[in-house]
Amino acid sequence: MRIKKTILITFSVRSEKFDSNSERNKFFRELYGWKQTVPAENKTYEYHRDGLLDEMPHKRVDQSSFIIQEDNFDRMTQFFEEWHKKVIWKTFKLLLNNKEMREMFEDEEEVE
């Protein structure tokens, strides 16, 4: 049985440390992405703008926690380090076998 390494990341925003709501929203948009709505004359166009998590297989566990594959940990660390004065974050290593990995990331890209 092959074991894969994954990382559980949890975070908490320190709202009082953000300069404004728009700065706080910037953090969430960079992480999760967002839906942009553009009104036109008789139509409305909707676009999904990708965030960091859209670029990697992940499983969202709760509003402020998710699991990623260990291969993507450096990118995630870099992102959270940019926000370290305003966001508290913790990591926990998880070991998953191939079956658990497939089940967890079944909606994501093909997992090796």
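Yes or no: F11 surrounded by 11 or more Cβ atoms within 10 Å (Cβ to Cβ), modelled with pLDDT of 95 or more, in a strand (DSSP E or B) and of a type outside the set (V, I, T)? Yes: the conditions hold for F11.
With respect to (1) modelled with pLDDT of 90 or more; (2) within 17 Å of the chain's Cα centre (by Cα); (3) not β-branched (V, I, T), the lone exception for D107 is condition (1). Residue count for the range 57-93 satisfying the condition of being in contact with a strand residue (DSSP E or B) (Cβ under 6 Å, 6 or more places away or on another chain), more than 14 Å from T6 (Cβ to Cβ) and outside any strand (DSSP E or B): 2.
Does L96 satisfy the criteria of being surrounded by 15 or more Cβ atoms within 10 Å (Cβ to Cβ), outside any loop (DSSP other than H, G, I, E, B) and without any contact (Cβ under 8 Å) to a residue 40 or more places away in the chain? The answer is no for L96.
Is there a residue in the range 78-95 that is at pLDDT 90 or above, under 12 Å from the mean Cα position of the chain (by Cα) and not charged (D, E, K, R)? Taking every residue of the range 78-95 in turn, at least one turns out to be at pLDDT 90 or above, under 12 Å from the mean Cα position of the chain (by Cα) and not charged (D, E, K, R). Here the condition is being surrounded by 15 or more Cβ atoms within 10 Å (Cβ to Cβ) and either touching a His at 6+ places or on another chain (Cβ under 7 Å) or of a type in the set (F, W, Y) (or both); of G33, G51, it holds for G33 alone.
Within the option set T37, T6, being out of contact with any Pro (no Cβ under 7 Å at 6 or more places or on another chain), among the hydroxyl-bearing types (S, T, Y) and without any contact (Cβ under 8 Å) to a residue 24 or more places away in the chain holds for one residue only, T37. Scan the range 57-66 residue by residue and report those that are surrounded by 16 or more Cβ atoms within 10 Å (Cβ to Cβ) and at pLDDT below 95. Once the filter is applied, which keeps residues that are surrounded by 16 or more Cβ atoms within 10 Å (Cβ to Cβ) and at pLDDT below 95, the range 57-66 yields P57, H58, K59.
The values are calculated or read from the model by the stated rules, or taken from the named source; none is laboratory data. None of the values given here were measured: they were computed from a predicted structure. FYI the Cβ positions are ideal-geometry reconstructions off the backbone, even for glycines, and counts take in every protein chain you see.
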